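The structure appears below as structure tokens.
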Amino acid sequence: QQPVQSPQAVILREGEDAVINCSSSKALYSVHWYRQKHGEAPVFLMILLKGGEQKGHDKISASFNEKKQQSSLYLTASQLSYSGTYFCGTREITTGNQFYFGTGTSLTVIP
Amino acid sequence: DTEVTQTPKHLVMGMTNKKSLKCEQHMGHRAMYWYKQKAKKPPELMFVYSYEKLSINESVPSRFSPECPNSSLLNLHLHALQPEDSALYLCASSQDRTEGYGYTFGSGTRLTVV
């Protein structure tokens, strides 16, 4: 079951913050986050595992609320290099090893 | 080596052609994946190999045929494709299929079927 992301698109000025949400209707083992720049491959950002955790590196962090089957990606003090499409990916408990990418969020950072 | 290498980067083929896409990784990853991505859409899973055995085939038409000759190499054989098969084909790998490991993607093969 494909997770749904919101917003679909967001435009930020450099230095502004953004939150991208990922929501599933199924119980989850894990949530991945990837960023894909135009014409390039998706790049792995982080993984959050069942147990409800929060992770981060540099100014990008994420949380996973397993009870709500939701994850949020937080981008603080955005930089031009943050532009791209962000995908969450989820592995569901009931379907075992099935992994689904979310609907995607296009993020554009402007000077 | 922390890369997944895909060749060719671009491919144009006719509907009667046979071609193959190649994917290679030397990170010791034991799970490898083929994804198809259309413009402005998320990647869609096609096949999963785990320890060189096909473990998932997401109801992909038989004109796509995967092969995993060894733990470092993954091929996707193409035959009698349709124009709607034009897309970016991404290969990915992960340590294995248990939890805790992200996917490393190759840069993809942009396929155009004419």
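Annotations for the structure displayed:
- Sole exception among (1) within 14 Å of chain B (Cβ to nearest Cβ); (2) surrounded by 16 or more Cβ atoms within 10 Å (Cβ to Cβ) for A:G51, by number: (2)
- The strands (runs of 3 or more DSSP E) located wholly in the stretch B:1-102 that include 2 or more residues which are in contact (Cβ under 8 Å) with a residue 40 or more places away in the chain, within 11 Å of chain A (Cβ to nearest Cβ) and surrounded by 14 or more Cβ atoms within 10 Å (Cβ to Cβ) occupy B:4-7, B:31-37, B:44-50, B:87-94.
- When the strands (runs of 3 or more DSSP E) confined to the stretch A:1-41 are screened for residues that are under 12 Å from A:S83 (Cα atoms), those reaching at least 2 such residues are found at A:9-13, A:28-36.
- Residue pairs meeting the criteria (Cβ under 6 Å; at least 6 apart or on separate chains; first surrounded by 12 or more Cβ atoms within 10 Å (Cβ to Cβ), in the stretch A:9-29; second part of a loop (DSSP other than H, G, I, E, B) and among the aliphatic types (A, V, I, L, M)): A:A27/A:I93; A:Y29/A:I93
- Looking across A:T94, A:T76, one residue alone is touching a residue at least 40 places away in the same chain (Cβ under 8 Å), more than 26 Å from B:K36 (Cα to Cα) and surrounded by fewer than 22 Cβ atoms within 10 Å (Cβ to Cβ). It is A:T76.
- Some residue of the stretch A:83-94 being assigned to a strand (DSSP E or B), at pLDDT below 95 and over 15 Å from the mean Cα position of the chain (by Cα): yes
The values are calculated or read from the model by the stated rules, or taken from the named source; none is laboratory data. Being a predicted model, the structure only gives us computed values, none of them experimental. Cβ: placed from backbone, ideal geometry, glycine included. Neighbour counts: every protein chain shown.
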